[in-house]
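Let me begin by presenting the structure, written as structure tokens, before commenting on it.
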Amino acid sequence: MDYVSALVPPVVMAVFFIGVIRVIVKTQGGANKAKEDAAVDAAIARAEGVRQGPAKTDG
């Protein structure tokens, strides 16, 4: 029976890992993909705008 107790933790971890991967794959894309992509693009544009800052001219 020692082999059963030795195999249970890896099997349980494998089952949970497969479940997590399935959830990640299923939630990719879908109806909200365009909305999520637009939100990410807007956030990146804001971050780049803040990083570049306003153009300063000497004069």
Legend entry - Degrees between helix 33-52 axis and first principal axis of the chain (Cα, 0 to 90, nearest 10): 50 degrees
Inset, instruction - Go ahead and estimate [θ] at 222 nm for the chain from helices alone: -39,500 (n - 2.57) per DSSP H run with n ≥ 4, summed, over the residue count, rounded to 500. - result: -27500 deg cm²/dmol
Inset, instruction - Please work out whether the chain counts as rounded, prolate or oblate from its C-alpha gyration tensor, where a ≥ b ≥ c are the square roots of the eigenvalues and a/c under 1.5 means rounded, while otherwise a/b larger than b/c means prolate and anything else oblate? - result: oblate
Legend entry - Among I21, A39, V8 the positive-end extreme of the charge dipole of the chain (Cβ point charges): A39
Inset, instruction - Find out how many positive minus negative residues lie around G30, taking Lys and Arg as positive, Asp and Glu as negative, among other residues whose Cβ is under 14 Å from that of G30. - result: +1
Legend entry - Charge dipole magnitude, Cβ of K and R +1, D and E -1 - the chain, Cα centre, debye nearest 20: 160 debye
Inset, instruction - Round to the nearest 10 and give me the degree value, 0 to 90, for the angle of helix 2-27's Cα axis relative to the longest principal axis of the chain. - result: 30 degrees
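Throughout, read-outs are computed from the coordinates displayed, never taken from laboratory work. In this text the structure is predicted, and so the values were computed from the model without any measurement. Glycine also receives a Cβ, built like all others from the backbone with ideal geometry; neighbour counts cover every protein chain displayed.
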